[in-house]
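Peer 1: One structure is given below, represented as structure tokens, and several questions about it will come after.
The values are calculated or read from the model by the stated rules, or taken from the named source; none is laboratory data. Just so you know, these numbers come straight off a predicted model, no measurement behind them. Here the Cβ positions follow ideal geometry from the backbone for every residue, glycine too, while neighbour counts run over all protein chains shown. Heads up: the accessible areas ignore ligands, DNA and RNA and are worked out on the full protein's heavy atoms, side chains in. Shrake-Rupley method; radii C 1.70, N 1.55, O 1.52, S 1.80 Å.
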Amino acid sequence: MGRLFYVVLSGIAGAALLHIIIILAIPAYAERDTWTKITALGPTEFFHLLPPNKPGGLTSANPFIRTAVCRFDITEEPVRVTASGLAYYWSLAIFDPGANEVYSMNDRTATDKKLDIAVVTPLQMIGYRKSLPETLADSVLIEFPGTTGYLVLRTVTPDSSWDLIVREFLSNALCQSADAY
């Protein structure tokens, strides 16, 4: 009976110690989330090209993928994202600050393989249904449930000869307020 008591007491003490260690480690891991890393890249409404294969960074382990990230805030006005030009393949995903994917598309689903979207709040969408500005006539309107988030634009480089082309495609992509167009 004494042995059982010792085993149970050791288990409780071990579990308590493990929980204390986890609680003390939370702040170190809280600063490693995607939103914090993206916020550290720089200003909103600007595509930041991510370096390929950076350990611990925001890039894919796939050496053929090039990525650009744009953080946005649509509290005051929508953000419009455009990109065109030569790219072997591109995809765009929109995420909320919790890294939940809200919308995605690629060049196979876009009109003429051109990226032209406007990310709007539900209230802004109601206004656009009544009267759509001419500048957004060709844009796909994406209703975003929050006011802040980020976009990830990825492209494929089939071989090294495409590096300059892909870099130019990502560098020319725009992520700006809809009124800037």
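Peer 1: Taking into account only those residues within the range 25-58 that are in contact with a Leu (Cβ under 9 Å, 6 or more places away or on another chain) and over 20 Å from Asn172 (Cβ atoms), which is modelled with the lowest pLDDT?
Peer 2: Selected residue: Gly57.
Peer 1: A further question on this structure: From the list Leu170, Leu151, pick out the single residue that is of a type outside the set (Gly, Ala, Ser), in contact with a Cys (Cβ under 8 Å, 6 or more places away or on another chain) and in contact (Cβ under 8 Å) with a residue 60 or more places away in the chain.
Peer 2: Leu151
Peer 1: Can you work out which of the residues in the range 111-148 that are among the hydrophobic types (A, V, I, L, M, F, W, C) and free of Cβ contacts under 8 Å to residues at least 12 places away in the same chain is least open to solvent (accessible area, probe 1.4 Å)? Before you say what the answer is, go through the steps one by one.
Peer 2: At the first step, the residues of the range 111-148 found to be among the hydrophobic types (A, V, I, L, M, F, W, C) are 115, 117-120, 123, 125-126, 132, 136-137, 140-142, 144.
Cutting the leftovers down to free of Cβ contacts under 8 Å to residues at least 12 places away in the same chain gives us 123, 126, 132, 137.
Details: Leu123: 138, Ile126: 84, Leu132: 78, Ala137: 61 Å².
Checking each candidate, the answer is Ala137.
Peer 1: Continuing with the same structure: Of the residues in the range 88-99, how many are over 26 Å from Thr157 (Cα atoms) and either of a type in the set (Lys, Arg) or exposed (fewer than 15 other Cβ atoms within 10 Å of the Cβ) (or both)?
Peer 2: Adding up the residues that qualify gives 1.
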